[in-house]
């Protein structure tokens, strides 16, 4: 069974998030979405919903198999806990694929693919909020 891990804040759900989840789910058998903790979200994002509300909204989506809150510390422990085969990164997430892959393989002790998911359209929770 291929586990796919996606991660983000997901404050105001929009079609861009749904596209990200669908494309991520297509890559494996189980999609686990890690929702950022309130303590780890930058103040610039100024979230509207708290971490539990955001997790519940993501979990309610049929395409998501499981939604969990991320670590209070770092993503390393979350990757170790989930033990994914694939990690997907959204088009607007500022992560270096090679750095993520190396960190994930160190945490899981096996090969992990890291794939960036493109976008249908430039959606942004921040823009919607404005």
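Would you order 41, 4, 63, 58 from fewest to most other beta-carbon atoms within 10 Å of each residue's own beta-carbon?
With the sparsest Cβ surroundings first, the list reads 63, 41, 58, 4.
Any chance you could give the angle, 0 to 90 degrees and rounded to 10, that helix 15-25 forms with the longest Cα principal axis of the chain?
10
For the chain, what is the convex hull volume of the alpha-carbon atoms per residue, in Å³?
Once divided by residue count, the hull of the chain is 98 Å³.
Quick one: compute the contact order of the chain, relative version, from alpha carbon pairs under 8 angstrom and 6+ residues apart, as a percent.
31
Note the angle between two axes, namely the Cα long axis of helix 97-108 and the longest principal axis of the Cα atoms of the chain, as a number of degrees from 0 to 90, rounded to the nearest 10.
It is inclined by approximately 60 degrees.
Which values of log₁₀ I(q)/I(0), to two decimal places, follow from the Debye formula for region 1-60 at q = 0.19 Å⁻¹ with a uniform point scatterer at every Cα?
The calculated log intensity ratios at q = 0.19 Å⁻¹ are -0.69.
We did not get these values from a lab; they are worked out from the coordinates using the rules stated. On a predicted model such as this, the values are computed, not experimentally measured, just so you know. No Cβ is skipped: glycine too gets one built from the backbone with ideal geometry, and neighbour counts run over all protein chains shown.
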